[in-house]
Structures are given as C-alpha cells and as structure tokens.
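For reference, the structure discussed in these notes is given below.
The values are calculated or read from the model by the stated rules, or taken from the named source; none is laboratory data. All values reported here derive from a predicted model rather than from experimental measurement. Methodologically, a virtual Cβ is constructed for each residue, glycine included, from the backbone with ideal geometry; neighbour enumeration extends over all protein chains shown. SASA here: full protein model, heavy atoms, side chains in, ligands and nucleic acids out. Shrake-Rupley method; radii C 1.70, N 1.55, O 1.52, S 1.80 Å.
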Amino acid sequence: MLTLNNTLLLFFAVLSVLCLVGGYYADGICIWLSFLTLLIWPILAGNLLLVAIQLFTKTKWKTIIPLLAILLHTDYLLAVYQPLYWNEPTASEQEGTPLTVVTYNASHFYWDRKYTMNEAAAYIKKLQPDIVCFQEAPGDGYYHRDSIRYAFDYVLYKYISRRTDHLPTTIYSRYPIHSVKALYYKNSSNMSLIADVRINNQYIRVINNHFETTSVNAYRGIITAPGKSLKVRAKAVKDLVLKMKSNYQKRAEQADTIHAEIERSPYPVLVCGDFNDTPALIHIIECARVWLTVSVIVEVVINICSGSYTSSGGLIMFFIRGR
C-alpha cells in the first residue's frame, strides 16, 4: 500500500511538472508536452485527492508533494478564476459608461445544415449589446448582404474583414468605430481585428481574435465513421496529432502577436474572441496577466450567447486592461 501511495505521488507530481513545461514551451521537442495541458484538470484533481489521502497516513508531511504540484499551476488557476472582489472598480471607475459586450464564434450561423442567423440575432438583440464581436461571421456565401444588415440593424457601426482567404471576422458597435487594423495570420485562415471605439469622447481598443483551430472536427468524421478500417482510423489519428502539434505552435505565435499589440496600445483594451486553446498555455496566461484589470473608462458587463448558440469551438474569453 505504501509503495502504491509513493508511486501515485511521484506519477502525478511528474505529470504536473511536465504539464507546466508543456504550457511554457510550444517549440522543439517540448511541443509534445503541450498535449498534457488538455489534461490539466484531471492532473490537478489527482494531486488534490492525494493531498486528502496523505492526511490519513502516518507520513502527513508528504502532503507537501501534491500540494506543490498544484501550486505550480497558480498562474493557470488565477487566469481561469478570479473572485469578483479582486477587480471591484474604484469610485472614479464607477463613473464610466457601462458596456455590454457579446463575443461569439458564429460558424457562419449555419449549424447542422440549418440557417440560424435570424434566431441568433434576435437573441443577441435582447442582450442590448454595445459591442458585438463575431468570429466566422456570416458572409455572402451563406446570406445576402441585405439580410445580414437587417438582422443586426440595432448596432449602427460595423467593420467586416475583407479578405476571402481568411475566415470572416466582424466588430459591430453602437459607438463610432475608428482606425481599424486587420491582422491576417500567415499560413492560416484565421485572423484578428483591432478597432478603436470612441465612447463619450474617449477611446477603447477592441481586439477580436480568432486563433488557429484545433483541427479536431476535420478528422473526427474519419475516426468515428462506421465501416472505416483500423488502418484508416489509425492514420487519421496520427494526422490529427501532427496537425494539432503544428496548430499549437501557430496559436503561440498568434498570442505573442496580440500580446505585443496590447503593450503598444495607448488606450484601455478589451480583448475577446475564440482562442481555440486552454489558459494552461503560458502564451494565453501572459496575456491574461496584463489584461485582467478593470478599465478606468468603462465598466464592462459581459454576455456570451448560450443555449443553442454556444460555440462548439475552443476557448472564448474576455480580457480588460486599463490605461
């Protein structure tokens, strides 16, 4: 029993360390460790269980091993969860303009061969949004331009990405949009939009991101389809793993690009979008660390579409940074 306990302590401690390394280095041989970030919650849960078990043994001092393994991921835990009182606005900040912001990977509003734009637009309208950020926004290939304009006529200003070789991204706003910059990522169909929005003669910078996909959906059909041979499935799994490895590197580079944009911004920054990743990767954590500060200009109320319109993609997050 003692041997099993020691083995589990060592096993989960090593997994925790490797998971941390995988989150910090998305390059070289360490890129393979990035896959462990997908298992961070089971790893943390295993260590937490071991903490409890050690309390009922004669060697209670061993609780420090799984406890340290958990504390290694403090940055991750703080990026995922922050008590509300941490970011309570000061008296001067409470004088800012309330904002309701919606972000959504719309998948062109075409789900299961059904056109859902009008239903989704009606749902979003009930939220009375001030800013709406879409990833994989509806385009000419799915809807007529007049239909799109009519569906979202409750937001006056808009910017729609123009290149057709990248997945469309849009920013809608009740407030005037100025100085829009589009970042089209190389060797990718993904992109980010950066727009300065003027609110009561003051500006905030809105960055709407759509980072590289995981590519899971592209291979899921082959892997799970009935009638496929084991050889075909095995090849699909291999191709998926290699593709995910490549996409980890792309997302890391894209996150670094946005991090640099945040640092250069002369205005408070609101960052949202579909990051297609977990906050366990340091590239996301580093951004979260500098962004998660309540804006000195606006108090932000966040609404994300739910129910039938929840994105099936990766991570969708908001970050606020004041100046």
**Study point:** Charge sum, other residues only, whose C-beta stays under 13 Å from Gly273's C-beta, Lys/Arg counted +1 and Asp/Glu -1
**Key:** -4
Exercise for review: Holding the Cα-Cα limit at 30 Å, pick out from Lys158/Lys250; Lys158/Lys186; Lys62/Lys250; Lys114/Lys181 the pairs that are longer than that.
Suggested key: Lys62/Lys250; Lys114/Lys181
Check your understanding: Got a number for the accessible area of His166? Probe 1.4 Å, square angstrom, nearest 10.
Key -> 20 Å²
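So for the range 97-231, averaging the separation of alpha carbon pairs under 8 Å that are six or more residues apart and normalising by length, what relative contact order in percent results?
18 percent
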Review point. With θ set to phi - 60° and the Karplus curve 6.51 cos²θ - 1.76 cosθ + 1.60, what are the ³J(HN,Hα) couplings of the range 54-60 in order, to the nearest whole Hz, using x for Gly and Pro?
Key: 5, 5, 9, 10, 6, 9, 4
**Study point:** Range of Cα positions in the range 151-226 per principal axis (Å), largest first
**Key:** 58, 29, 20
**Study point:** Chain lengthening between Leu8 and Ala234 when straightened (0.36 nm per residue, less Cα-Cα)
**Key:** 78.3 nm
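Show me the chymotrypsin sites (Phe, Trp or Tyr not before Pro) within the range 1-62 that DSSP assigns to loop and that have at most 11 other Cβ atoms within 10 Å of their Cβ.
For chymotrypsin sites (Phe, Trp or Tyr not before Pro) across the range 1-62 that sit outside H, G, I, E and B with at most 11 neighbouring Cβ atoms in 10 Å, the list reads Phe56.
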Review point. How about the range 119-224: which trypsin sites (Lys or Arg not before Pro) there lie in a loop by DSSP and see at most 14 other Cβ atoms within 10 Å?
Key: Arg162, Arg163, Lys186
Revision key, fill the gap. Reported to the nearest 10 Å², Val21 has, with a 1.4 Å probe, an accessible area equal to 40 Å²
Revision key, fill the gap. Taking 0.36 nm per residue of separation between Leu67 and Lys181 and subtracting their Cα-Cα distance, the length gained on full extension comes to 36.5 nm
Point to revise | the range 105-110 - phi-based ³J(HN,Hα) in whole Hz, Karplus 6.51/-1.76/1.60, Gly and Pro as x | key: 7, 7, 6, 6, 6, 9
Study note, to complete from the structure: Restricting to Cα pairs under 8 Å and 6 or more apart, the percent relative contact order of the range 184-235 works out to 24 percent
Practice item. Evaluate the Kirkwood expression for the hydrodynamic radius of the range 172-280, namely the inverse of the mean inverse distance over all pairs of different C-alpha atoms, and round to one decimal in Å. Key: 16.1 Å
Study note, to complete from the structure: Any residue on another chain or 5+ positions along whose placed amide H is under 5 Å from the amide H of Asn190 is listed here as Leu167, Tyr185
Check your understanding: Any idea how far apart Asp146 and Arg163 come out in nm if each label point goes 7 Å out from Cα toward Cβ?
Key -> 3.2 nm
